Amino acid sequence: MSGTEKSKAHTEQAKGKAKETVGRVLGNERMTAEGRADQAKGNARHAKEDIKDTFRH
């Protein structure tokens, strides 16, 4: 398991969630969309690491 990559994924997900929330509060659709995109990147990175872990064992 690549702990650093999973940490990056969790950080990216949290950053995206915060950005989405701030965007919603401010009524900024672009920031909300960027937050969702950051979350999706974090989810993809996490899924990639899970797949790598599966094949490693």
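A few remarks follow.
- Residue check: Ile51 meets all listed conditions (1) free of Cβ contacts under 8 Å to residues at least 24 places away in the same chain; (2) hydrophobic (A, V, I, L, M, F, W, C); (3) open to solvent by less than 80 Å² (accessible area, probe 1.4 Å) but one, namely (3).
- When residues of region 1-36 are limited to those that are part of a loop (DSSP other than H, G, I, E, B) and small (Gly, Ala, Ser), the one least open to solvent (accessible area, probe 1.4 Å): Ser2
The values are calculated or read from the model by the stated rules, or taken from the named source; none is laboratory data. Quick caveat: nothing in here was measured; it's all calculated off a predicted structure. Note that we place each Cβ from the backbone using ideal geometry, even for glycine, and neighbour counts take in every protein chain shown. Heads up: the accessible areas ignore ligands, DNA and RNA and are worked out on the full protein's heavy atoms, side chains in. Shrake-Rupley method; radii C 1.70, N 1.55, O 1.52, S 1.80 Å.
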